[in-house]
1. Given the criterion over 26 Å from residue 280 (Cβ atoms) and of a type in the set (Asp, Glu), identify the matching residue among 109, 90.
2. May I ask you to say which residue of 537, 464, 509 is at pLDDT 95 or above and polar (S, T, N, Q)?
3. Does any residue of region 155-166 turn out to be in contact (Cβ under 8 Å) with a residue 24 or more places away in the chain, assigned to a loop (DSSP other than H, G, I, E, B), open to solvent by 10 Å² or more (accessible area, probe 1.4 Å) and charged (D, E, K, R)?
4. Could you tell me whether residue 202 is open to solvent by 10 Å² or more (accessible area, probe 1.4 Å), hydrophobic (A, V, I, L, M, F, W, C) and touching a residue at least 12 places away in the same chain (Cβ under 8 Å)?
5. Checking the structure you have, find out if any residue of region 112-130 is over 17 Å from residue 165 (Cβ atoms), open to solvent by 10 Å² or more (accessible area, probe 1.4 Å) and in contact with a helix residue (DSSP H, G or I) (Cβ under 6 Å, 6 or more places away or on another chain).
6. Check 422, 467, 454, 433 and return the single one that is out of contact with any Ser or Thr (no Cβ under 8 Å at 6 or more places or on another chain), open to solvent by 30 Å² or more (accessible area, probe 1.4 Å) and not aliphatic (A, V, I, L, M).
7. Within region 319-378, take every residue that is open to solvent by 20 Å² or more (accessible area, probe 1.4 Å) and aliphatic (A, V, I, L, M) and give me the one that is farthest from residue 527 (Cα to Cα).
8. Can you find a residue in region 483-500 that is among the aliphatic types (A, V, I, L, M), under 21 Å from residue 352 (Cβ atoms) and modelled with pLDDT under 95?
Amino acid sequence: MLSTLQPPRYSLSRFPLHLPSKPFFFHSKQTPLSSPYPIANATLTDQIATSASSPSLHSQILSIRHSLLSRQFTATQLAESYLNRLRALEPHLKSFLHVSDSVLSDGREIDDKILRNEELGPLAGVLVGVKDNICTAGMPSTGGSRILDGYRPPFDATAVRRIKELGGIVVGKTNLDEFGMGSTTEASAFQVTANPWDLKRVPGGSSGGSASAVSARQCVVSLGSDTGGSVRQPASFCGVVGLKPTYGRVSRFGLMAYASSLDVIGCLGTTVADAGILLHAISGHDTLDATSSKREVHDFTSQFTAVDSLESKPLKGLRIGLIRETLDNGVDGKVSSAIRAAASHLEELGCSINEVSLPSFSLGLPAYYILASSESSSNLARYDGVRYGNQAIADELTGLYQNSRATGFGSEVKMRILMGTYALSAGYYDAYYKRAQQVRTIIQKSFKAALDEYDILISPAAPSAAYKIGEKVNDPLAMYAGDIMTVNVNLAGLPALVLPCGFVRDGSSDLPVGLQMIGAAFDEVRVIYPIAQHVGSFEKYRDG
């Protein structure tokens with residue numbers, strides 16, 4: 001059962017971090033990685049990782065709360081421990097574009113509340129990384145672009161505000177591909193983030209900084225954005241849990257728009273439980289976002305189950321469809337093997353698995369890039385040096401626009417703007433944009449038909465494990481092809497969870513592989529806690 005997966009007992013005295021020999025509930029073989037980089041003052045973060053392995057907690061967030069309330073350590077001590085680790089690793093990883101200078105003072109405020117016996121929010125003391133295209137008051141929010149270099153918004157995105165209201169501490173802003181357009185962080189205007197499993201490899205993108213930071217324990221959890229897989233693909237590459245909610249589940253207010261009909265804010269953590277808690281914290285209707293849903297938000301925090309309370313076949317009755325097209329040509333054979341091994345293990349846990357065909361699956365990639373590029377060309381028109389963005393020097397208005405955009409935008413953003421403008425231009429709109437929308441409708445219908453028959457659909461999160469930095473930078477089509485497993489989910493607006501399911505050997509490195517689990521719209525509960533849908537009630541499993 002996903003809600004009972006025990007997080008690993010990480011050894012935080014060295015870097016990179018080690019995933020468990022059996023990551024979460026899937027069988028796999030792992031060769032520990034080693035590194036010469038020492039980590040100072042990791043005692044408390046090590047203690048959190050260890051105590052989170054308790055069947056009664058199975059969550060770093062819950063472990064932190066328990067430890068603060070029992071006075072095992074203070075929020076200030078915990079914040080200082082994470083900051084020390086973050087700073088020690090940052091020269092090698094480059095996960096963050098900015099680190100908050102108020103982390104320790106925020107920790108002291110929580111400690112003062114504890115001393116006054118005031119009620120603590122469910123995220124009290126939890127250090128959260130925030131992707132730099134999500135606005136945070138008083139901190140730089142650049143979207144990874146030079147055109148917004150130095151911009152500090154006067155407001156928090158709704159997701160950030162809700163985290164702060166529940167006691168969470170924003171530790172800093174994480175690196176990303178410029179405006180979310182990329183799969184590696186190599187399109188960032190500021191730096192390239194490294195994968196904690198192998199510093200010569202990409203962490204994925206565009207939320208690569210958020211995934212890398214969680215994987216390396218520079219923060220407890222993080223926020224990312226997912227337009228075509230930007231939370232799930234880096235989660236797979238970095239061996240962490242990535243959760244993309246249903247479109248509309250989380251407010252997009254304060255998220256810098258890339259493709260408005262596809263963008264969602266997602267969650268990254270080391271366990272499914274932590275991702276679920278964070279999702280619950282940021283979900284819900286928002287009057288500032290007309291696309292946010294008024295649907296009920298399930299309280300995931302009341303649905304955790306102790307491992308020792310489960311029966312031998314906890315997933316009995318669960319129907320899972322393995323998408324046949326995701327294991328065809330173009331997918332690394334080792335990745336396919338890891339996914340099939342994970343499927344076999346799910347069968348051992350009691351569920352039934354059958355292959356299901358989605359013939360329209362291959363159509364999603366070209367449709368996605370037409371739609372996303374078209375919407376981005378419209379959304380990014382506002383960054384002209386007059387309405388938004390840094391202003392270049394020019395003698396007349398047209399030159400000001402041209403110079404501001406030419407110097408502010410990177411090559412990837414310029415290319416996608418040109419692609420989108422072309423697709424929307426007179427004479428090509430029907431041939432490209434309109435047809436892509438028709439394909440989107442076909443994809444939505446095919447997913448609905450499959451999810452009427454199956455509870456969950458599974459696939460790889462990416463066709464390969466993490467590749468080397470620079471390997472695909474000059475081949476954008478090959479890089480775009482890496483999104484083939486994830487873009488269809490965004491086109492259909494569905495929720496999806498990615499979690500580690502094994503490792504593949506590449507040279508001297510053992511690299512994580514992620515399994516993607518797709519559910520019906522607004523049915524995150526079934527994706528995160530599938531057993532709950534088959535016992536009729538969570539009460540039997542509550543509190544172990």
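The values are calculated or read from the model by the stated rules, or taken from the named source; none is laboratory data. Owing to the predicted nature of the structure, the values given are computational and were not obtained by experimental measurement. Glycine also receives a Cβ, built like all others from the backbone with ideal geometry; neighbour counts cover every protein chain displayed. Surface accessibility is based on the protein's heavy atoms, side chains included, excluding ligands, DNA and RNA. Shrake-Rupley method; radii C 1.70, N 1.55, O 1.52, S 1.80 Å.
1. On the way: 109 fails: over 26 Å from residue 280 (Cβ atoms).
Result of the check over 109, 90: 90.
2. Numbers: 537 fails: at pLDDT 95 or above; 509 fails: at pLDDT 95 or above.
Unique residue meeting the criteria: 464.
3. Yes, that holds for at least one residue.
4. no
5. no
6. Numbers: 467 fails: open to solvent by 30 Å² or more (accessible area, probe 1.4 Å); 454 fails: open to solvent by 30 Å² or more (accessible area, probe 1.4 Å); 433 fails: out of contact with any Ser or Thr (no Cβ under 8 Å at 6 or more places or on another chain).
Just a single option satisfies the conditions, and that option is 422.
7. Here the residue is 370.
8. yes
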